[in-house]
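One structure below.
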Amino acid sequence: MIARLLLIAMTLPLAGCDNIVALMADPKVAQRIADSKAIGSACRYGMRSIEDCYTLNEKASKASVFDGWKEMDQYMRDNKIDGVASKGTKPSAPAEEIIEEKASDSVPKDKGAASDGKTKPRPKAADKAAH
């Protein structure tokens, strides 16, 4: 009788072992995963493709974003919910401007101007080597 009670008393705390792992997890990691799933759900509800969702949320975990997107897709199909077209987009990067320089623009102006307003010519590399 005592052995049975002792056995039951020892197995009772082990019944929740699967919850111990969840309790020991870093809360910041769990929050990031939850945020990524919420991003995926919002993308699906906003009728965005999963690829667009990845592009717009580069720092989010792709696996969690996909899980959220997939869960929301199934929920919307089961409940016959239509998505809402999103109005906001991520601002695009400014267009790269190409500046062409002319040969006359590429010659740097001499900063060592004399006090009378005239500039001294700079010695060339060949002149320096001769001295």
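For the peptides 31-37, 42-48, 54-60, residues were scored by their other Cβ atoms within 10 Å and the scores averaged per peptide; the highest-first order is 42-48, 31-37, 54-60. The magnitude of the dipole of the stretch 28-81, with charges of +1 and -1 set on the Cβ of Lys/Arg and Asp/Glu and taken from the Cα centre, is near 120 debye. Per residue, the Cα convex hull of the stretch 28-81 amounts to 61 Å³.
Taken together, the values in this text are just the output of simple stated rules run on the coordinates, not laboratory data. What you see is a predicted model; the values in this text were computed from it and never measured. For neighbour counting, all protein chains shown are included, and Cβ atoms are generated from backbone atoms with ideal geometry for every residue, glycine included.
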